[in-house]
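J.: There's a structure below that I have some questions on.
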Amino acid sequence: MASRRTTGKRRPGGGGKRRRKGREINVVPWIAGAVALFAVFKVALPFIERNWPWFAAAAVAALALTATVAFARARAQAAREHRWLLENMELEKVDRLTGPEFERLTAGLLRRDGFREVQELGGAGDRGVDLIARAPDGRPFAFQCKRYTGRVGAPEVRNFLGALAYAFAGHTGVLVTSGSLTRHALTEARQADLILIERELLAAWLRGGTPFPRGVDRSG
């Protein structure tokens, strides 16, 4: 009867390598790098201690430069948004906007009127609300924006009311559309005390008027 022979391969010696998740990692370069970094730090430390005011001044200057660049970029962005807003202050141009651009326009109008904490939520996962903002008097508002050439139907109004009842409870609801509402949609919106900004009121808002009821103080 032939005897069984088991053959096995010997694992080569470590040689400074460690096996991790099926791969061999050579730790020698890491150790050498750490030693070199420590040596450089030890040599440079006395120089840093002797010249620490210069290093502190350089750090302050770098922070100031970073803040200046960030501020300049923010101002440039605000200027671009303001120009874009002015270029789309007519209904004819609004009718050519995409849905996201109409939300952007509405957000710009809110900022112009002194609303704070304006956030654009439109898109996937917006939970039925495109914008939220806080009025100058502190009240929270939630906006649904419909860039329609036709009419907004009752199902859209119900979806918005559902979002206000659950995900955005406590917010005053505002439906903004470049079109108008159907008769049934108008009835349901008024029963729920939604603020409605339809086409004619939107045109007045673009010209500088306010579509909001008295009590929403624009002066802040």
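Read-outs throughout are calculated quantities, based only on the coordinates presented, and are distinct from any laboratory measurement. Not measured: the values here are computed from a predicted model. Note that we place each Cβ from the backbone using ideal geometry, even for glycine, and neighbour counts take in every protein chain shown.
J.: If each of ILE31 and GLN119 carries a label point 7 Å out from its Cα toward its Cβ, how far apart are those two points in nm?
T.: Between ILE31 and GLN119, the simple spin-label model gives 5.1 nm.
J.: Let me ask another. When a/c reaches 1.5 or more, the comparison of a/b and b/c decides; with that in mind, is segment 98-206 rounded, prolate or oblate per its Cα gyration tensor? Working shown, then result.
T.: Working: a/c = 1.41, a/b = 1.16, b/c = 1.22.
It comes out rounded by the Cα gyration axes.
J.: I need the semi-axes of the equivalent ellipsoid of segment 24-181: take the C-alpha gyration tensor, multiply each eigenvalue by 5, square-root it, list largest first in whole angstrom. Don't jump to the answer; show the numbers that get you there.
T.: Values: eigenvalues 547, 101, 53 Å².
That gives 52, 22, 16 Å for the three semi-axes.
J.: So, one more: Kindly provide the Kirkwood hydrodynamic radius of segment 27-87 in Å, to one decimal, from all pairs of distinct alpha carbon atoms.
T.: Details: mean 1/r = 0.0640 Å⁻¹.
With all distinct Cα pairs of segment 27-87 included, I get 15.6 Å.
J.: Could you compute the FRET efficiency for LEU86 and VAL43, with r as their C-beta to C-beta distance and R0 at 35 Å, rounded to 0.05?
T.: Efficiency at R0 = 35 Å is approximately 0.05.
J.: Another question, if that's okay. Which of rounded, prolate, oblate describes segment 55-148, given a ≥ b ≥ c as roots of the alpha-carbon gyration tensor eigenvalues and a/c under 1.5 marking rounded, otherwise prolate only if a/b is larger than b/c?
T.: On the way: a/c = 2.53, a/b = 1.90, b/c = 1.33.
Prolate is the answer for segment 55-148, as a/c is 1.5 or above and a/b outweighs b/c.
J.: Could you size up the charge dipole of segment 98-206 around its Cα centre, putting +1 on the beta carbon of Lys and Arg and -1 on that of Asp and Glu, and report it in debye to the nearest 20? Each step should come with its number before you reach the end.
T.: On the way: 14 positive and 13 negative charges, 18 e Å.
Dipole of segment 98-206, to the nearest 20 debye: 80 debye.
J.: For ALA72 and ARG183, what does the FRET efficiency come to when R0 = 41 Å and r is the distance between their Cβ atoms, rounded to the nearest 0.05?
T.: Details: r = 52 Å, r/R0 = 1.26.
Working from the Cβ atoms, E equals 0.20.
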